[in-house]
Amino acid sequence: QQQVKQSPQSLIVQKGGIPIINCAYENTAFDYFPWYQQFPGKGPALLIAIRPDVSEKKEGRFTISFNKSAKQFSLHIMDSQPGDSATYFCAASSLPGKLIFGQGTTLQVKP
Amino acid sequence: NAGVTQTPKFQVLKTGQSMTLQCAQDMNHEYMSWYRQDPGMGLRLIHYSVGAGITDQGEVPNGYNVSRSTTEDFPLRLLSAAPSQTSVYFCASSYSGTEPYEQYFGPGTRLTVT
């Protein structure tokens, strides 16, 4: 049973576009929702994270939107660049050290 | 700080062999975790630890053992390797201070079991 469901599996956008990746969760005990970025051959790196008491968080070109009632959250990448091409993972947690990940989205930003 | 280090980077095992994947961190982080990454399945939690001497199972613990005798080290043991354990393994750590949920990942170990 997948506790965190992520979509789409892959995404192709043109440079400057705004890719949106969506995640849904079931467990209402989750209280921390991060997004990780992973380049080939590397470990995941934390991009941005949100707590359920806020509906939106921005850090640079990355924005998380959070809908607690729908148990959904999404990542928006503003003014996307070819260097943003990577795999993105959403995750959820109710305990430090215990992240539950989505399946991942492979993003390609075309020049 | 070296951050989270993992050894080896690559390993090939035969079915039934045993081995230990090493993970160390020099950031004095209390929380440490092991994940495996398989295509199309994201990362799945194998075992985690909230401090020295304390470990617990994650989503996919079968076939793996862990122990945490020091704050710095969190080795993952495969007692009898199986082809289903072919995967990329990541270790991660986090600190109980400012943001205990914020995990830092190592570079990974790519394991192939034939």
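The values are calculated or read from the model by the stated rules, or taken from the named source; none is laboratory data. On a predicted model such as this, the values are computed, not experimentally measured, just so you know. Reconstructed Cβ throughout: ideal geometry from the backbone, glycine too, with neighbour counts over all protein chains shown.
A few notes on this one:
- Check on A:GLN1, within 11 Å of another protein chain (Cβ to nearest Cβ), under 21 Å from B:ASP38 (Cβ atoms) and at pLDDT below 95: yes
- Scanning region B:49-76 for residues that are within 15 Å of B:ALA24 (Cβ to Cβ) and either of a type in the set (S, T, N, Q) or within 11 Å of the chain's Cα centre (by Cα) (or both) yields a count of 10.
- Screening A:ASN27 on (1) within 25 Å of B:GLN57 (Cα to Cα); (2) within 11 Å of chain B (Cβ to nearest Cβ); (3) polar (S, T, N, Q) shows it passes everything except condition (2).
- The residues in region B:39-54 that are more than 9 Å from chain A (Cβ to nearest Cβ) and closer than 17 Å to B:MET27 by Cα can be counted, and the count is 2.
- Among residues of region A:65-111, those that are without any contact (Cβ under 8 Å) to a residue 60 or more places away in the chain, among the polar types (S, T, N, Q) and more than 12 Å from A:TYR25 (Cα to Cα), counted: 3
- Looking at A:GLN9, A:GLN38, A:GLN14, just one residue is buried (at least 16 other Cβ atoms within 10 Å of the Cβ), of a type in the set (S, T, N, Q) and out of contact with any helix residue (DSSP H, G or I) (no Cβ under 8 Å at 6 or more places or on another chain), and that residue is A:GLN38.
- With respect to (1) under 20 Å from A:PRO34 (Cβ atoms); (2) more than 9 Å from chain A (Cβ to nearest Cβ); (3) touching a residue at least 24 places away in the same chain (Cβ under 8 Å), the lone exception for B:SER94 is condition (2).
- Of everything in region A:73-101 that is away from every other protein chain (no Cβ under 14 Å) and under 11 Å from the mean Cα position of the chain (by Cα), the residue that is surrounded by the most Cβ atoms within 10 Å (Cβ to Cβ) is A:PHE73.
- Cβ pairs under 6 Å, 6+ apart, first in region A:47-64 and crowded, with 17+ Cβ neighbours inside 10 Å and of a type outside the set (A, V, I, L, M), second at pLDDT 95 or above and not in a strand (DSSP E or B): none
- Looking only at residues in region A:102-111 that are more than 14 Å from chain B (Cβ to nearest Cβ) and touching a strand residue (DSSP E or B) at 6+ places or on another chain (Cβ under 7 Å), the one that is surrounded by the fewest Cβ atoms within 10 Å (Cβ to Cβ) is A:LYS110.
- Only strands (runs of 3 or more DSSP E) whose full extent lies in region B:6-114 are considered here, and the ones with at least 2 residues that are touching a Cys at 6+ places or on another chain (Cβ under 9 Å), at pLDDT 95 or above and over 25 Å from A:ALA86 (Cβ atoms) are B:19-25.
- In the set (1) surrounded by fewer than 20 Cβ atoms within 10 Å (Cβ to Cβ); (2) in contact (Cβ under 8 Å) with a residue 24 or more places away in the chain; (3) within 13 Å of the chain's Cα centre (by Cα); (4) within 14 Å of chain A (Cβ to nearest Cβ), B:VAL4 fails one condition alone, (1).
- Options B:SER18, B:SER84: the member that is over 12 Å from the mean Cα position of the chain (by Cα), in contact (Cβ under 8 Å) with a residue 40 or more places away in the chain and more than 11 Å from every other protein chain (Cβ to nearest Cβ): B:SER18
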